[in-house]
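This report concerns only the one structure given below.
Please treat every number below as a calculation from the coordinates, not as lab data. All of these numbers come straight from a predicted model, not from anything done at the bench. Here the Cβ is made from the backbone with ideal geometry for all residues, glycine too, and neighbour counts use every protein chain on show.
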């Protein structure tokens, strides 16, 4: 396991693919997941190395083998975006593709708005038009992580996240703090700052994300892909997810 330090926190990451590759990519996983479950187990490491790219995947703060503070302030979305740039600095990479899934997509969008010059192509997956809708209960996810048992959680989506966190043996108090981390809403006006080739991907049955076109329309020149038959959780393993990403990198979707 490799590590780097970002703003005083020790974060874990993997590097894969040829070290002298001309192109690099950073993968940012979703909430309650980790670099192994979201990316390596799903074949992304091998696929990226097979494309001749130098790849990096980090465990976000609060997840996997990275530091797990219980203070929500440590999970400010801008700080999580700066972790991505700290990893690039650690690797000596000036510019890379950036792929984020779900929470990782929010981090990737924040990074692109903050310093797009370091991003080549941007891919955000597991997000869509519902990004612009305020949550009915902003504290619901944190409460689900703090519940004594998954049986105490009524909402099926929240129960799924809780079961997944338990399966991964994640620190649920750290996840609750992550969910409560301070963040500014991502608005259509703010997304106007993104001037990188962008792809938005979501499953056709992803009720958490909504339509990927609804988000793509807010980013100049962005493309949208809908993966048929998939919900939020099943899309990550679908072959069309990888195919769409690599087609985008190769210029077929631009």
Which of these, 125, 21, 140, has the largest mean-square fluctuation under a Gaussian network model of the chain (Cα springs below 10 Å)? 21
Return, for the Cα atoms of the stretch 1-105, the radius of gyration and Dmax in Å, separated by a comma. 12.8, 40
Just 220, 24, 209 to compare: in a GNM of the chain, with alpha carbon springs under 10 Å, which one fluctuates most? 220
Can you pull the percent of Cα pairs in the stretch 12-71 with separation above 19 Å? 30 percent
Largest to smallest principal axis extent of the C-alpha atoms in the stretch 185-240, angstrom: 31, 22, 13
For the stretch 81-206, what is the convex hull volume of the alpha-carbon atoms per residue, in Å³? 124 Å³
Mean Cβ neighbour count within 10 Å, used as a protection proxy, ranking 77-90, 180-193 highest first: 77-90, 180-193
Please give the Cα centre distance for the stretch 156-193 versus the stretch 1-78, rounded to the nearest Å. 16 Å
Counting DSSP beta bridges in the chain, what percent are antiparallel, to the nearest 5? 30 percent
Roughly how large, in nm² to one decimal, is the mean projection of the convex hull of the alpha-carbon atoms in the chain? 12.1 nm²
Computed over the stretch 1-120, the relative contact order (Cα-Cα under 8 Å, seq sep at least six) in percent reads 31 percent
Under the rule of -39500 (n - 2.57) per DSSP H run of 4 or more residues, summed and divided by the residues of the chain, what mean residue ellipticity at 222 nm is obtained, to the nearest 500 deg cm²/dmol? -9000 deg cm²/dmol
